[in-house]
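Peer 1: One structure follows; several queries about it will come next.
The values are calculated or read from the model by the stated rules, or taken from the named source; none is laboratory data. The model shown is predicted, which means the values in this text are computed figures rather than measured ones. Here the Cβ positions follow ideal geometry from the backbone for every residue, glycine too, while neighbour counts run over all protein chains shown. When the accessible area is computed, the model is the full protein with side chains, heavy atoms only, and any ligands, DNA or RNA have been set aside. Shrake-Rupley method; radii C 1.70, N 1.55, O 1.52, S 1.80 Å.
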Amino acid sequence: MKRILMIAYHFPPLAGSSGIQRTLRFVQHLPALGWQPLVLSTDPRAYEKTSDDLLAEVPVGTVVRRAFALDTARHLQLAGRYLGWMARPDRWISWKFDAVREGLKLIEEFKPNAIWSTYPIATAHVIASALHRKTGIPWIADFRDPMAQHDYPVDPRTKQRYLDIEADAVRQARYCVFTTPSAARMYQQRYPAAAGRMVVLENGYDEESFSPAALAPHEASGPAAGTQPLLMLHSGIVYPLERDPTQLFIALARLRSEGTLGPAELRIRFRASVHDDLLRQLAQTHGAQDFIELSPAIPYREALAEMMAADVLLVMQASNCNAQIPAKIYEYLRAGKPILALTDPEGDTAGVLRSAGLNDVARLDSVEEIAALLPALVRDWREGKAVLPQTLAVQQASRHGRSQALVALLEQATTAGIVAASQRQD
């Protein structure tokens, strides 16, 4: 069996991030496809919040090594402040030093055939680059989403560090992997000489997680699907800039004042938003508080069960994230419920929904579009006419299929590495 060294900050017992699922599900599926994963992650002290609920899903016998790391903002601050260089490219740059040492030990012990690192913690790419340069093992850089963007990071020195890291990955990595077509195109245009090494490997859902046996012990919170009022669920973090619900709240208040739609007909639950105080304030400011329910984080399986029980699922994505697709979209699709997308129709999030036959899309920043769409959606649901995801599109989004695509990429990378090494020897 071939081996892959996977460098990932997002891994159990980290809690509160859907990014965990990408690495975890690859770890589950790769052994059956002929690849043994070796995971290099951080000491749990680096995580702001931990939970044991996903640890049991790491396959027995998986090699997991945890390198020492600190969160600069929590562990190295003084009176609430810290030096900027201590958090470039991110607050976990301290992970690099012990991770390189642990990575070399893993390489010496297990002789992996490939190295794989995954963003959005940029330090993972820094570690992978160092290990690749020291060993020559083929490296696949999993960007997921774009790193340096025109308005991110805001700090110019951090942005330059991002640019340096991504440029290094483009030079050194055998492939650069993105989760959306737009992200891949962005980097193909940014680095045209390496365009042929930019590939798309989308996120997905794990079918086993949705099995009746997996969900049976977990009761969904709240009213069952089909009861009044319509229960619309937003599951996961509400980023203040990228998923700002202000215009949604204004639209709700307008519809109520017009007598078009009221709290007795629609209830929107924000589950594990992380920013409950902000949402509560915005809802009260704009008169939408009676429509809104703020609920705490729950274990992963319970979150899936809740998606299955909700009447409609809500996704919010601003136009500045057109090249990104929230990972939970694929779990939403598997849940088989209508999906309301408050996003740019030109973005990749809207594109993946359209490919599944779903067209309930309004711009997140448009009160008019939201106010026009909501009553129609509620009416269609009440009449049993709400559109559900197409079965074929759902099946194509499974993690097993994504893992097969990753294996194909690994085989290509390692074969190219063998050929390159042979040519150097000649």
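Peer 1: Name every residue in the range 134-158 that is basic (Lys, Arg) and out of contact with any Phe, Trp or Tyr (no Cβ under 9 Å at 6 or more places or on another chain), in order of residue number. First the steps, then the outcome.
Peer 2: From the range 134-158, those basic (Lys, Arg) are 134, 144, 157; that's our starting set.
Result: LYS134, single match.
Peer 1: Let me ask something additional. I want to confirm something. Restricting to the range 12-35 and keeping residues that are surrounded by fewer than 18 Cβ atoms within 10 Å (Cβ to Cβ) and more than 19 Å from the chain's Cα centre (by Cα), which single residue is nearest to LEU70 (Cα to Cα)?
Peer 2: Filtering first and then ranking leaves PRO31.
Peer 1: Now for a separate question. State which residue is surrounded by the most Cβ atoms within 10 Å (Cβ to Cβ) when the search covers only the range 37-65 and only residues that are without any contact (Cβ under 8 Å) to a residue 40 or more places away in the chain, more than 25 Å from ALA272 (Cβ to Cβ) and under 23 Å from the mean Cα position of the chain (by Cα).
Peer 2: The selected residue is PRO37.
Peer 1: Within the range 227-246, is even one residue of a type in the set (Phe, Trp, Tyr), at pLDDT 95 or above and touching a His at 6+ places or on another chain (Cβ under 9 Å)? Steps first, please.
Peer 2: Step one: filter the range 227-246 for residues of a type in the set (Phe, Trp, Tyr), giving 239.
Add one more test, that the residue is at pLDDT 95 or above, and what stays is none.
Within the range 227-246 (the criterion being of a type in the set (Phe, Trp, Tyr), at pLDDT 95 or above and touching a His at 6+ places or on another chain (Cβ under 9 Å)), the answer is no, since none of the residues qualifies.
Peer 1: Considering only the range 59-74, I want to know if a residue exists there that is small (Gly, Ala, Ser), in a helix (DSSP H, G or I) and at pLDDT below 95. Let's see the steps before the verdict.
Peer 2: If we filter the range 59-74 for residues that are small (Gly, Ala, Ser), which is where we start, we get 61, 67, 69, 73.
The next check asks that each one be in a helix (DSSP H, G or I); those that pass are 73.
If we keep only those that are at pLDDT below 95 too, we end up with 73.
The answer is yes, given that some residue of the range 59-74 is small (Gly, Ala, Ser), in a helix (DSSP H, G or I) and at pLDDT below 95.
Peer 1: Taking the range 196-216, which residues are open to solvent by 50 Å² or more (accessible area, probe 1.4 Å) and part of a helix (DSSP H, G or I)? Steps first, please.
Peer 2: Of all residues in the range 196-216, those open to solvent by 50 Å² or more (accessible area, probe 1.4 Å) come to 196-197, 200, 202, 207-208, 212-213, 216.
Passing the criteria: GLY196, ARG197, GLU207, GLU208, PRO212, ALA213.
Peer 1: Consider GLY80 carefully, then state whether it is at pLDDT below 95 and open to solvent by 40 Å² or more (accessible area, probe 1.4 Å). First the steps, then the outcome.
Peer 2: Numbers: at pLDDT below 95: yes; open to solvent by 40 Å² or more (accessible area, probe 1.4 Å): yes.
Yes, satisfied.
Peer 1: Now a separate question. Please find, within the range 327-345, the residue that is farthest from LEU230 (Cα to Cα) out of those that are under 17 Å from the mean Cα position of the chain (by Cα) and outside any helix (DSSP H, G or I).
Peer 2: Looking at residues that are under 17 Å from the mean Cα position of the chain (by Cα) and outside any helix (DSSP H, G or I), I get ALA327.
Peer 1: Then there is this: Anything in the range 278-326 that is in a helix (DSSP H, G or I), hydroxyl-bearing (Ser, Thr, Tyr) and more than 14 Å from GLN247 (Cβ to Cβ)? List them, or say none.
Peer 2: As a first pass, look at the range 278-326 and keep what is in a helix (DSSP H, G or I): 278-285, 289-291, 300-309, 319-321.
Within this subset, residues satisfying the condition of being hydroxyl-bearing (Ser, Thr, Tyr) are 285, 300, 319.
Across the range 278-326, the qualifying residue is only TYR300.
Peer 1: Does any residue in the range 76-94 that is under 22 Å from ALA148 (Cβ atoms) come within less than 7 Å, Cβ to Cβ, of a residue that is assigned to a loop (DSSP other than H, G, I, E, B) and open to solvent by 60 Å² or more (accessible area, probe 1.4 Å) six or more places away or on a different chain, and which pairs are these?
Peer 2: Short answer, once both residue conditions are applied: MET86/LEU76.
Rundown of residues vs (1) of a type in the set (Val, Ile, Thr); (2) surrounded by fewer than 22 Cβ atoms within 10 Å (Cβ to Cβ); (3) out of contact with any strand residue (DSSP E or B) (no Cβ under 9 Å at 6 or more places or on another chain), yes/no style:
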position	(1), (2), (3)
ALA323	no, yes, no
ILE329	yes, no, no
TYR332	no, no, no
VAL352	yes, no, yes
LEU364	no, no, no
ILE370	yes, no, no
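Peer 1: So MET1 ticks every box in (1) open to solvent by 10 Å² or more (accessible area, probe 1.4 Å); (2) under 16 Å from the mean Cα position of the chain (by Cα); (3) among the aliphatic types (A, V, I, L, M) but one. Which box is left unticked?
Peer 2: Result: MET1 fails condition (2) only.
Peer 1: Taking only pairs six or more apart or across chains, which ones have beta-carbon atoms under 8 Å, a first residue in the range 396-408 that is over 10 Å from ASP206 (Cβ atoms), and a second residue that is surrounded by fewer than 16 Cβ atoms within 10 Å (Cβ to Cβ)?
Peer 2: VAL407/GLY34
Peer 1: Is the range 125-141 home to any residue that is out of contact with any helix residue (DSSP H, G or I) (no Cβ under 9 Å at 6 or more places or on another chain) and among the hydroxyl-bearing types (Ser, Thr, Tyr)?
Peer 2: Here is the first cut: in the range 125-141, the residues out of contact with any helix residue (DSSP H, G or I) (no Cβ under 9 Å at 6 or more places or on another chain) are none.
The answer is no, given that none of the residues of the range 125-141 is out of contact with any helix residue (DSSP H, G or I) (no Cβ under 9 Å at 6 or more places or on another chain) and among the hydroxyl-bearing types (Ser, Thr, Tyr).
Peer 1: Name the residues in the range 262-302 that are polar (S, T, N, Q) and open to solvent by less than 60 Å² (accessible area, probe 1.4 Å), would you? Spell out how you get there, then give the answer.
Peer 2: Start the filter on the range 262-302 by keeping residues that are polar (S, T, N, Q), which leaves 273, 281, 284-285, 289, 295.
Within the range 262-302, SER273, SER295 meet the criteria.
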